[in-house]
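*Asks:* First the structure, then my questions, so here it is.
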Amino acid sequence: MSNTLTERVGLSIGRHFVSLSCLQFVPGKPDKPHVFSGFVMAIADQWFYVTAGHILRAVRAALKSGSTFDIWRLGDQTAARGKFNHTAIPFDFNLESWLVIEDETLGIDYAAVHLGTLYRLQLEAGSVEAFEKEAWSDHMVASDHWALVGIPSESVSYDGKTNIGARFVLAPLIKEDAPEQAGKRAENQFYARLAEDYEGVVKDIDGMSGGPVVNLKYGDEAGWRYGLIGVQSAWYPSIRTLAICPFSSFAAALEQAVLPALARSRTSVE
């Protein structure tokens, strides 16, 4: 993709991208900052934050090992573009509030949490927009480009006090066959590699798990359109190949769970 198109895509997809950051405290060790990639989607006018399920598994495992986590924040800086001087939104992180659908051996890797009205209003004030249903797509749909957006861990910085910094990246992708080591996971994932002219920009995409993968298609009058096709899950560094979980199947399952719950909630109120 040209630099101009890359910038335009970054600005457009950046409206949906929201980071999730925190500090991990391990006894006897320096505080460790984390910045996770994710995005916002809408179902029946309700907002949900989506990321990779293995992130929640790692947090749970760290807690069992004696770590604690604090200062959770939702970062809307990509959409806000400095509107609020890079101030992130305090987030009440509760593991039990998340819906996690994750099986490492089968390559299933999703997590989502409902964002209440207060979080939604704050994110909207920062110009964040949810992926609406018309933007839900599938990796089998014909397109001109694929791209991943997220925050690589290699870009994360911490001032030792309260400020966590990171760099938002848009990475052009090239479709790829499943690697041999994927095994059964290939039944629930699709694959891509970093475009060669982009490999020098990102050495390691660790940290971009949970980021949205989109397809891009050119149009005559509308310019180009994008659709959400996947959630970044894993990385084969030796062959520079990404493993991506399809978004369409997860979106359908989440919608089937959410709509009846919303209906029951409205009935009880009435």
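*Asks:* Consider Leu148 carefully, then state whether it is crowded, with 18+ Cβ neighbours inside 10 Å, over 28 Å from Lys184 (Cα atoms) and in contact with a Leu (Cβ under 9 Å, 6 or more places away or on another chain).
*Replies:* no
*Asks:* Scan the stretch 180-202 for residues that are modelled with pLDDT of 90 or more and assigned to a strand (DSSP E or B) and jot them down. Spell out the reasoning first.
*Replies:* Here is the first cut: in the stretch 180-202, the ones modelled with pLDDT of 90 or more are 180-193.
Once the filter is applied, which keeps residues that are modelled with pLDDT of 90 or more and assigned to a strand (DSSP E or B), the stretch 180-202 yields Phe190, Tyr191, Ala192, Arg193.
*Asks:* What tally of residues in the stretch 17-74 results from selecting those that are in contact with a Gly (Cβ under 8 Å, 6 or more places away or on another chain) and among the small types (Gly, Ala, Ser)?
*Replies:* 5
*Asks:* Would you mention how many residues in the stretch 236-248 are at pLDDT below 90 and either hydrophobic (A, V, I, L, M, F, W, C) or touching a Lys or Arg at 6+ places or on another chain (Cβ under 8 Å) (or both)?
*Replies:* 2
*Asks:* With Glu104, Glu96 as the choices, which residue is within 29 Å of Pro172 (Cβ to Cβ) and acidic (Asp, Glu)?
*Replies:* Values: Glu96 fails: within 29 Å of Pro172 (Cβ to Cβ).
Checking each option against the conditions leaves just Glu104.
*Asks:* Moving to a separate point now. Pick from the stretch 38-58 the residues that are in a loop (DSSP other than H, G, I, E, B) and modelled with pLDDT of 95 or more: which of them is farthest from the chain's Cα centre (by Cα)?
*Replies:* Ala52
*Asks:* Continuing with this model, one more query. Just to be sure I understand the filter: pairs with C-beta atoms under 6 Å, separated by 6 or more residues or on different chains, first member in the stretch 26-42 and in contact (Cβ under 8 Å) with a residue 60 or more places away in the chain, second member acidic (Asp, Glu). Which pairs pass?
*Replies:* Listed by first residue and then by second, the contacts come to Ala42/Glu132.
The values are calculated or read from the model by the stated rules, or taken from the named source; none is laboratory data. The shown structure was predicted, so the numbers you read here are calculated from the model rather than taken from an experiment. Methodologically, a virtual Cβ is constructed for each residue, glycine included, from the backbone with ideal geometry; neighbour enumeration extends over all protein chains shown.
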